[in-house]
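Colleague: Take this structure, written in structure tokens, and hold onto it; I'll ask about it next.
Every number here is computed from the coordinates shown, using simple stated rules; none is lab data. All of these numbers come straight from a predicted model, not from anything done at the bench. Methodologically, a virtual Cβ is constructed for each residue, glycine included, from the backbone with ideal geometry; neighbour enumeration extends over all protein chains shown.
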Amino acid sequence: MQQPAHPADIRLQLFRHVYGLRALGMGLGGLPVAMVLLERHATWPAWAWIALACLAWPHIAYLLARRSARPDRAEMRNLLADSFLAGTCVSLMHFNLLPAVLLVVVVTADKLSTGIRGLLPRSLALTMAGIATAIPFTGLHVALHSSMAVVLACLPILVIHSLVVSAISYGLVRHVQRQNRWLRETAHTDPLTGLHTRGHWEQLVQVALAPAQRDGPATLLLVDLDEFKAINDTYGHTVGDDVLRTIGRIVNECVVPDSIAGRLGGDEIALVLPLDRAHALPIAERLRVEVEDMRLAVDPPVRCTVSIGVAELTPQIVSSRDWIAAADRTLYGAKHCGRNRVGGTDEDALTRATAV
């Protein structure tokens, strides 16, 4: 999964995200304002101001932010200017009730949607400042009644703007969900092998060890790469990482449903199979053979082998630590007998297991 964008990058691009919403909101908001001005036979300065505030301002704000050395700070000023302009429109409409309330609510909701701390109270203060600034030019007239024409002119911003904001909010929720999923996967998955991290693996195993969950057999395979230090010393850690990455892929290909595979650390991998020992041994042997046959594209080719400890779940095992210790004893036997083998088996036992 792709890593989510850094919050600082999002802040620097805020003006790009706001531009479309501002142009839509100011443009639709200009419809009821224009209808009120038309009904009260407003003079040309009022029309010029509305054209500036509702049509030209969104593009001016975009250019101011884009050309600023600090686009995030410039956009903060633009957002406050939105509130000031909305306040002047309220005075120009002589406080016509429906469009005035609608403008203030939309502007306030836009500030809340940014999630910027402390922006809302400053926005409300600038709205009041816009109202007070316009009163000397418009006069303190109050005409609360909204005609049917004004009501109809309010519908586009009420409907369209609300739907657009809802769609944007939905997109943000989806983004947060993807980010949370990425964080969970990062915390639970080893980036090199693609297996569970040790902590997450132990949590899953501990749940499986609960008495209520012990409804069938289970066997732990403890996989240890032979002479891994020599590989790192001879070929370098990059090749060592490639070896671990390839072994992780092989382990994932060998698992059966309901298996639990994790990297315990370094070159040690643990694989819990929902099988008894007899049926787990062929999988262990297949894993060993595939690692032995593995060749990496380096010169000379790297030859890798693994030793595998095997421990079937018994009533005496109550924790992942107990289980690992039991598998580790057979792993030690495999190492002691020459490596590149499945611990706790001889040739005849392995042949019988493979035939099951």
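Colleague: If each residue of separation counts as 0.36 nm, what is the full-extension length gain between THR108 and VAL318 once their alpha-carbon separation is subtracted?
Modeller: Details: separation 210, 0.36 × 210 = 75.60 nm, distance 5.80 nm.
Result: 69.8 nm gained on full extension.
Colleague: Between region 118-159 and region 40-101, what's the alpha-carbon centroid distance in Å?
Modeller: Centre-to-centre (Cα) distance: 11 Å.
Colleague: Working from Cα positions, state the angle (0 to 90°, nearest 10) between the long axis of helix 277-293 and the longest principal axis of the chain.
Modeller: Once rounded, the angle reads 80 degrees.
Colleague: For a Förster distance of 25 Å, can you work out the FRET efficiency between the beta-carbons of ARG67 and HIS175, rounded to the nearest 0.05?
Modeller: Working: r = 28 Å, r/R0 = 1.12.
Here the calculated transfer efficiency is 0.35.
Colleague: I'd like to compare 101-108, 75-82, 162-169: which one has the highest average count of other Cβ atoms within 10 Å, and what's the full order after that?
Modeller: Details: 101-108: 19.1, 75-82: 21.1, 162-169: 12.4.
The peptides rank, most packed first, as 75-82, 101-108, 162-169.
Colleague: Excluding GLY262 itself, calculate the net charge of residues whose Cβ lies under 13 Å from the Cβ of GLY262, where each Lys or Arg counts +1 and each Asp or Glu counts -1. Let's see the in-between values first.
Modeller: On the way: positive: ARG198, ARG263; negative: ASP190, GLU202, GLU268.
Around GLY262, the surrounding residues sum to -1.
Colleague: Separate question: Which ordering of SER68, SER146 is given by a fewest-first count of other beta-carbon atoms within 10 Å? Write down the numbers at each step before the final one.
Modeller: Working: SER68 15, SER146 22.
With the fewest neighbours first, SER68, SER146 line up as SER68, SER146.
Colleague: Note down the relative contact order for region 289-338 as a percent, whole number, built from C-alpha pairs under 8 angstrom at least six residues apart.
Modeller: Numbers: 40 pairs, mean separation 15.8, N = 50.
Reported as a whole number, the value is 32 percent.
Colleague: Follow-up. Can you compute the label reach from GLU39? Point 7 Å from Cα along the Cβ direction, backbone N cut-off under 14 Å, restricted to region 79-101.
Modeller: Answer for region 79-101: 93-101.
Colleague: Turning to a different aspect of this structure: Specify the angular offset, from 0 to 90 degrees and rounded to the nearest 10, of the alpha carbon long axis of helix 162-188 from the longest principal axis of the alpha carbons in the chain.
Modeller: 20
Colleague: Run the numbers on region 198-355 and let me know its relative contact order in percent, using alpha-carbon pairs under 8 Å that are six or more apart. Walk me through the numbers before you get to the answer.
Modeller: Details: 255 pairs, mean separation 45.8, N = 158.
It rounds to 29 percent for region 198-355.
Colleague: Right, another one. With +1 on each Lys and Arg Cβ and -1 on each Asp and Glu Cβ, and nothing else charged, work out how big the dipole of the chain is about its Cα centre, in Debye to the nearest 20. Before the final figure, lay out each step's value.
Modeller: On the way: 33 positive and 32 negative charges, 405 e Å.
Charge dipole of the chain: 1940 debye, to the nearest 20.
Colleague: Could you tell me how many degrees, from 0 to 90 and to the nearest 10, lie between the Cα long axis of helix 119-138 and the main elongation axis, the longest principal axis, of the Cα atoms of the chain?
Modeller: 10
Colleague: Translational diffusion coefficient of the chain at 4 °C, 1.567 mPa s, Stokes-Einstein with Kirkwood Rh over Cα pairs, in µm²/s as a whole number. Walk me through the intermediate numbers first.
Modeller: Details: Rh = 25.9 Å.
After rounding, the answer is 50 µm²/s.
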